[in-house]
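Right, one structure below, let's go through it.
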Amino acid sequence: MTEYHLRTPLSGADVEKLLAGDVVFLSGPLFTARDKAHALMRRAGSPVSLEGAALYHCGPLILGDRVLSAGPTTSGRMARYTDEILRMGVRAIIGKGGLPGEPFRSRAIYLAYPGGCGAAAAQQLRVLGVHLLELGMAESLWVFEAKEFGPMIVAVDAHGKDLYQEVRRSALEQMLG
Amino acid sequence: MREKVVEATLRALQRAETTLPDWVLQRIEEAAARESHPLARHHLQFMLENVAIAKAKGLPLCQDTGLAIFHVQLGRDLSLDFSLAEAVAEGVRIATREIPLRPNAVHPQTRQNSGDNTGPGMPDIILDYVDGHSLSLTAFPKGAGSENMSLVGMLNPADDPIDFIVRSVAKRAANACPPLFLGIGLGGSFDLAARLAKRALLNMPGESLEELQLLERINSLGIGPMGLGGDTTALGIKIEKAFCHTASLPVAINFQCWANRSATEVIQ
């Protein structure tokens, strides 16, 4: 378990060196997207370049240009879009609850931010801009400037390790045993 | 009186969104003190830090400020000459602007957002009549992460409902922001089981042997805070029961995330 402080956009080498269980803090631009933004990007492409990007599954609470509360949303709802989002260049998906690990192999990582910690997350973020505002506050694509955004856990790494799956498997074994 | 209900709704929501009930906070603190996995302990400590920041700055502790659910206990000696549902809805609309809350309520198909957290069926008010002449209103904003993992199982009476609960929690916990509070509805009918499960969350925590044993069994799964491993998977379980048909065994599980928000205002 190593602690890393990295800047976005992320490089291939950044992704390569991060292992499941490592702790990560990110600084630099983050892009939010949840259900509606994903559906729209599938149809019309992304309104921003996602090369090397960290994509945050988050529907924030914003007042004017102030981030009030901005913890992660459940990533599982966006699982159907993982492959095409990663093909747009995204190197890290941030959320909670995890995503199936296979699409991440050799190209990206999944970072878990502590769920429900929206007030703490808001202290580490400020608004740089917004796209797709017509989708509403929670569903818009917000561009945040992150400052030491974390702690996040590498839950799925690019080498095929998936912490959620390991925990789930061991829970099922414990139940049967 | 109507004005008092509107104000009580606003005050209860304000407190529910920015603080946690003392007993909930205490359970998280106790869990952090005894948790043996370092990563899990860090998660619990970060949750406590988040609660402190939210309280100090008056910010909603989670960006998912929830669906507007209320429990109202109405004194039998009171007679209201106004619509309780409309007064609570007005309080929700004001709270959405003033706290502020994230607008979460949408039409189930068009997904059109009302912008003020109200709409047909929302707020949802669970109403009980009690002795006396006071009105007690509990705001219980419910986030989608945990609500989405909830389920009703229509079991065969030969099935073991406790096994069904443990298996469902093992599969679903990670998405529901554990450590969890679990409201269990056992018996009744399809819909009564679900309502019992919601009421169980309002009557937390349970202290019966059956509830404590189930809590221990769920914690032995090792799912941990946020589903990333640890001793702390659930912080409280309450089971509410009703008689059911001899041919059926309904079991409902209402998941509640660690941020078990609620606040009560009483109008005399």
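Quick notes on this one:
- Here the Kirkwood formula, the inverse mean of 1/r across different C-alpha pairs, assigns the range A:7-93 a hydrodynamic radius of 14.0 Å.
- Rounded if a/c under 1.5, otherwise prolate or oblate - the range B:119-268, Cα gyration tensor axes: oblate
- For residue B:143, distant residues with modelled amide H under 5 Å away: B:67
- Qualifying trypsin sites (Lys or Arg not before Pro) in the range B:16-78, DSSP loop, other Cβ atoms within 10 Å at most 11: B:76
- In straight-distance terms, cross-link reach from residue A:161 covers every one of the lysines whose alpha-carbon lies under 16 Å from its own, apart from those fewer than eight places away in the same chain; here that gives A:17.
- Distance between the range B:241-268 and the range A:92-112 - C-alpha centres, whole angstrom: 34 Å
- Pairwise FRET efficiency - residue A:11 versus residue A:147, Cβ, R0 = 30 Å, nearest 0.05: 0.90
- For the range B:1-132, the Cβ-based charge dipole about the Cα centre amounts to some 420 debye (Lys, Arg positive; Asp, Glu negative; other atoms uncharged).
- Diffusion of the protein assembly as shown by Stokes-Einstein, at 4 °C in a medium of 1.567 mPa s and with Rh set to the Kirkwood radius over alpha-carbon pairs, works out to 58 µm²/s.
- Cα long-axis angle, helix A:35-44 against chain A (0 to 90 degrees, to the nearest 10): 80 degrees
- Subset of A:96/B:238; B:142/B:238; B:55/B:238 violating a 23 Å alpha-carbon distance limit: A:96/B:238; B:55/B:238
- If both residues of a DSSP beta bridge must be in the range A:25-177, then about 65% of such bridges are antiparallel.
- The Cα atoms of chain B give a gyration tensor whose axes a ≥ b ≥ c have a/c of 1.5 or more with a/b no greater than b/c, which makes the shape oblate.
- Once the chymotrypsin sites (Phe, Trp or Tyr not before Pro) in DSSP loops with at most 12 neighbouring Cβ atoms within 10 Å are cut out of chain B, the longest remaining piece is B:83-242.
- Here the peptides B:167-173, A:116-122 are ranked by packing, the mean other Cβ count within 10 Å, and the order with the highest first is A:116-122, B:167-173.
- Residue A:62 long-range amide H proximity, modeled H, under 5 Å: A:68
- Averaged over peptide A:66-75, the number of partner chain Cβ atoms lying within 10 Å of each residue's Cβ comes to 6.
- Sum of -39500 (n - 2.57) over DSSP H runs of 4+, divided by residues of the protein assembly as shown (222 nm, nearest 500): -10000 deg cm²/dmol
- Over 16 Å [Cα-Cα, the range B:1-106], rounded percent: 65 percent
- Gyration tensor verdict on the range B:71-159 (Cα atoms; rounded if a/c is under 1.5, prolate if a/b is larger than b/c, oblate otherwise): oblate
- Taking 4.7 Å between beta carbons as the limit, the unpaired Cys residues of chain B are B:62, B:244.
- Amide proton proximity set for residue A:128, modelled H, under 5 Å, gap of 5+: A:143, A:144, A:145
- Short-range pairs are left out: with C-alpha atoms under 8 Å and at least six residues apart, the relative contact order of chain A is 29 percent.
- In the frame of its principal axes, the range A:38-144 has Cα extents of 37, 30, 22 Å, reported largest first.
- Of the GluC sites (Glu not before Pro) found in the range A:122-154, not one falls in a DSSP loop while having at most 10 other beta-carbon atoms within 10 Å.
The numbers here are math on the coordinates, done by the rules we state, and not lab data. Model, not experiment: these values are computed from the prediction. Every residue, glycine as well, gets a Cβ built from its backbone with ideal geometry; the counts of neighbours run over all protein chains shown.
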